[in-house]
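The values are calculated or read from the model by the stated rules, or taken from the named source; none is laboratory data. Predicted model, so just to flag it, every value in this text is computed and none were measured. Here the Cβ is made from the backbone with ideal geometry for all residues, glycine too, and neighbour counts use every protein chain on show.
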Amino acid sequence: MSNRVELTGQILATSGLRYTPAGLATVAMRLAHASEQQEAGRPRQVVCEVEAIAFGETARKLSQSPAGSQVSLTGFLDRKSPRSNLLTVHVTDYELI
Amino acid sequence: MPLVRVALDVPLPKVFDYRADAATGGDIGRRVIVPFGPRRQVGLILELPGSSEVPEAQLKPVIAIDRSLPALPADWLKLARFAAEYYQHPLGATLLALLPPALKRVKPPRAEPPAAYALTELGREGVARLSPRAKAQRQLAERLLTGPLAGDEAGPWRSRLRAWLQAGWVQAVEAAAHGPVVPPPRPELTPDQRAAVAAVRGAPAGFSAWLLHGVTGSGKTEVYLHLIEAQLAAGRQALVLVPEIHLTPQTEAAFRRRFPTARLLSLHSGLAEGERLRAWRACLEGRVDLVLGTRLAVFTPLDHLGLIVVDEEHDSSYKQQEGLRYSARDVAVWRARQLGIPIVLGSATPALETWHNAARGRYRKLELPQRAHAEAELPAVKLIDTRSDRPRQGLSASLVRALQDRLARGEQSLLFINRRGYAPTLYCNACGYVVPCPRCSAHQVLHRKGDKFELRCHHCGLMSRPPEICPDCGSPDLRPAGQGTQRLEETLAAQFPEARILRIDRDTASRRGAFAAMREAVNAREVDILVGTQIVTKGHDFPHLTLVGVLGADQALLSPDFRATERLFAQLMQVAGRAGRAERPGEVLVQTAYPGHPLYRALQAHDFARFAAQTLKERREAEFPPYSHQALLRAEAERIDDALAFLEKARQAGLALARQHGVSLYDPTPALLARVARRERAQLLIQSRARGPLQRFLTAWLEAVRGLQLRPVKWSIDVDPLDF
């Protein structure tokens with residue numbers, strides 16, 4: 001089953017580096033995305049905001065990027081919480097651009 | 001041939017006969033060492049029977065009768081017998097459980113050093129003739145001439161004191177006198193207090209039971225003190241029971257100040273073995289005027305007791321939850337009846353059983369409806385509807401504002417949350433999994449330890465590291481869920497960086513003296529916000545406290561335990577009573593999603609009577625206590641089926657008897673907390689309209705239950721159970 005997200009965006013706000021009770025690093029952030037995509041054979045503008053979360057080494061490094069940074073990330077989607085229908089991008093890798 | 005009948009700590013309701021050539025009637029109530037199988041055992045001599053059912057040739061001689069202590073008096077033996085019969089516990093096991101631990105061992109206890117030493121007349125003459133060169137002796141003499149020397153000061157002089165004790169120069173006394181010899185000025189009694197004192201003192205001699213129902217801050221203690229004073233003046237003893245160990249030092253200090261010359265003993269399970277034994281000996285030898293203690297103190301042998309007081313009589317800590325499962329309050333009432341003396345049960349929120357007894361006229365009710373401090377009003381109780389004012393990290397906006405106000409005015413606040421630890425559970429934000437205790441049917445509680453976390457089970461004590469990933473789905477996104485005292489403390493510190501915050505729960509207050517130090521810090525106004533569990537709700541005065549916030553109270557409304565609302569109401573009344581005890585009015589804010597609930601309505605009106613009437617009506621309809629009497633046969637085994645099967649067998653064995661006595665036997669069910677430390681627990685409820693038939697049924701039935709095949713099952717009986 002595939003679940004893969006590739007997304008470029010600007011970091012709007014981050015929670016700062018935190019830790020799970022087991023001591024694993026984690027960071028949550030909001031990203032602004034703006035791009036041009038092809039749809040029904042024509043170009044169109046996309047502007048949206050996305051919530052993202054990361055754990056472990058990725059979180060540790062990502063948390064050092066200040067708000068305003070542009071990142072290109074890959075990851076997957078999951079529910080925001082067990083009782084929510086909203087989705088969050090789980091970042092597994094990223095590059096600063 | 002002289003025989004003694006001996007009670008031994010065995011799990012059978014049986015006593016044993018031995019030969020004791022030198023035994024006399026004066027040995028009844030004495031400790032005895034006897035051979036029992038291949039071992040020696042400690043027992044108590046119950047009587048000197050004329051003959052035995054055991055053939056003479058099989059009777060063994062006792063090894064030794066311990067005459068170093070006075071024999072236990074007959075009325076004490078009778079009290080213990082009553083406890084054994086009523087709580088359906090074997091007599092020998094009961095008697096031995098009531099002795100101080102040092103007396104349960106075969107090895108004779110070492111003579112405990114006295115609490116304090118005082119010079120005798122002979123000693124005064126002796127030290128006057130000491131040689132000027134005996135410097136060490138003269139130093140000790142000079143010290144003793146200033147007053148009694150406490151045992152813990154005696155260090156370097158210990159051997160010398162032993163010698164002087166033998167020579168009769170010094171004698172053992174219970175405690176070095178503390179503080180001023182002149183009692184402090186006494187607050188003037190309010191008219192209600194005066195009426196209460198007069199009622200008890202004016203009652204005809206003999207047994208009388210009183211319910212002293214006084215709102216928080218109404219000065220119940222002052223009433224006790226007056227009644228005790230009268231007893232002491234008449235040369236009689238008084239016994240005062242208090243619910244918790246950490247309450248005894250505070251109460252003890254108050255009593256010592258008031259009765260500086262009385263010989264006061266403080267008894268609780270926190271005492272070292274030697275201290276327990278010393279206290280026991282002092283009681284047996286009649287060298288005590290006033291005994292203050294937790295539930296075990298109800299069994300103190302006292303030979304001229306004139307009054308019993310049970311403070312906070314509703315408190316569940318009066319019920320022992322293992323072995324001899326007695327209620328110290330109920331035993332105290334029985335003891336007062338046995339001795340023909342008055343007993344005073346005091347509370348702002350009496351147990352519904354007690355309230356019902358007062359309503360039926362079995363106890364007489366004394367009301368203290370007003371606070372003793374002339375300006376102190378009962379606090380205004382307001383409800384915060386958490387459906388509209390949603391708490392963030394446990395705190396609603398209204399509560400945060402109220403806290404801000406107090407901080408700005410330099411007043412103290414208390415946040416009451418009955419959950420210690422960081423968060424009640426650790427849960428997986430991806431799949432919803434909640435980390436359970438592997439050994440119990442409960443969740444593990446997340447605790448903060450320094451900058452790390454650990455999981456603890458509040459039932460079996462198991463500790464473990466929080467998992468890195470969810471054991472169910474593998475996600476690393478594990479989060480603390482809900483609020484505990486530690487997390488609330490952290491949230492407050494972030495919210496109010498300038499505030500001085502103190503957390504009081506079992507984890508911070510369990511060390512000896514820690515609780516007293518905290519209370520002092522609060523009273524010295526070194527604290528702005530207190531975060532506490534039910535430990536802070538019991539009888540502490542915090543005069544600078546003007547706000548009480550209550551978090552997470554709704555939990556108890558959803559509990560399947562029929563006593564949960566009674567406990568919640570008592571707790572909330574007590575915690576609300578902490579606010580505004582001196583001249584400043586207090587305010588209580590309760591966060592709830594059920595602001596229309598009758599319990600909260602009664603709380604707002606400070607109306608215990610209304611709450612009691614409502615709840616008693618429900619109890620009557622459901623035929624719950626006090627409208628019925630219960631016992632619980634508890635069974636535990638590794639497999640729940642074994643426990644249930646045993647109970648079913650027990651039920652079958654009792655059906656005919658139950659019909660005969662008009663007693664109901666319910667179906668065996670798993671306990672509310674079905675598994676603790678890998679043991680599965682089940683229970684069988686027995687219920688009856690009246691106590692007598694229940695007692696008779698239990699005695700006959702348990703005889704049959706003892707005969708059941710029960711190898712993998714451990715069982716016990718709980719009469720008047722409080723926990724299910």
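Structure notes:
- Residue within segment A:25-33 that is within 30 Å of B:Thr425 (Cβ to Cβ), away from every other protein chain (no Cβ under 14 Å) and touching a Ser or Thr at 6+ places or on another chain (Cβ under 9 Å) present: yes
- Across segment B:430-483, the number of residues qualifying as away from chain A (no Cβ under 13 Å), out of contact with any Asp or Glu (no Cβ under 9 Å at 6 or more places or on another chain) and aliphatic (A, V, I, L, M) comes to 2.
- Any hit, segment B:211-221, residues being closer than 12 Å to B:Leu290 by Cα and either part of a helix (DSSP H, G or I) or among the hydroxyl-bearing types (Ser, Thr, Tyr) (or both): no
- So B:Glu489, is it among the acidic types (Asp, Glu) and under 21 Å from B:Gln555 (Cα atoms): yes
- Residue within segment B:451-461 that is assigned to a loop (DSSP other than H, G, I, E, B), touching a residue at least 40 places away in the same chain (Cβ under 8 Å), under 23 Å from B:Leu399 (Cβ atoms) and within 33 Å of the chain's Cα centre (by Cα) present: no
- Each residue in segment A:1-24 was checked for being surrounded by 15 or more Cβ atoms within 10 Å (Cβ to Cβ) and within 13 Å of chain B (Cβ to nearest Cβ), and 4 pass.
- Index of the failed condition, B:Arg401 passing every other in (1) more than 14 Å from every other protein chain (Cβ to nearest Cβ); (2) in contact (Cβ under 8 Å) with a residue 60 or more places away in the chain; (3) not in a loop (DSSP other than H, G, I, E, B): (2)
- Matching entry among B:Arg420, B:Arg390 (being assigned to a loop (DSSP other than H, G, I, E, B), buried (at least 17 other Cβ atoms within 10 Å of the Cβ) and of a type in the set (Lys, Arg)): B:Arg420
- In segment B:515-573, the qualifying residues are those that are part of a loop (DSSP other than H, G, I, E, B) and of a type in the set (Lys, Arg), and the one that is farthest from B:Leu403 (Cα to Cα) is B:Arg563.
Yes/no matrix, rows are residues, columns are (1) among the aromatic types (Phe, Trp, Tyr); (2) under 28 Å from B:Gly206 (Cβ atoms); (3) assigned by TED's automatic domain parsing to the domain that holds B:Trp76:
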residue: B:Val240; (1), (2), (3): no, yes, no
residue: B:Pro243; (1), (2), (3): no, yes, no
residue: B:Phe259; (1), (2), (3): yes, yes, no
residue: B:Leu265; (1), (2), (3): no, yes, no
residue: B:His268; (1), (2), (3): no, no, no
residue: B:Leu271; (1), (2), (3): no, no, no
residue: B:Leu277; (1), (2), (3): no, no, no
residue: B:Glu285; (1), (2), (3): no, yes, no
residue: B:Val288; (1), (2), (3): no, yes, no
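- All positions within segment B:404-429 that are within 14 Å of chain A (Cβ to nearest Cβ), polar (S, T, N, Q) and under 33 Å from the mean Cα position of the chain (by Cα): B:Thr425
- Top-ranked residue in segment A:53-66 [being among the small types (Gly, Ala, Ser) and within 13 Å of chain B (Cβ to nearest Cβ); ranked as surrounded by the most Cβ atoms within 10 Å (Cβ to Cβ)]: A:Ala54
- Residue among B:Arg659, B:Arg675, B:Arg691 that alone is closer than 18 Å to B:Glu322 by Cβ and basic (Lys, Arg): B:Arg675
- Listed by position, the strands (runs of 3 or more DSSP E) contained in segment A:1-67 that have at least 1 residues being over 12 Å from the mean Cα position of the chain (by Cα) and not charged (D, E, K, R) are A:25-39, A:42-55.
- Among the residues of segment B:615-626, those that are crowded, with 16+ Cβ neighbours inside 10 Å and either at pLDDT below 95 or assigned to a loop (DSSP other than H, G, I, E, B) (or both) comprise B:Phe624, B:Pro625, B:Pro626.
- Residues satisfying the criterion are absent from segment B:154-166 (criterion: exposed (fewer than 12 other Cβ atoms within 10 Å of the Cβ), farther than 22 Å from B:Glu275 by Cα and not assigned by TED's automatic domain parsing to the domain that holds B:Gly274).
- Output for segment B:434-458, where each listed residue is out of contact with any strand residue (DSSP E or B) (no Cβ under 6 Å at 6 or more places or on another chain) and surrounded by fewer than 18 Cβ atoms within 10 Å (Cβ to Cβ): B:Pro438, B:Arg439, B:Ala442, B:Lys449, B:Gly450, B:Asp451, B:Lys452
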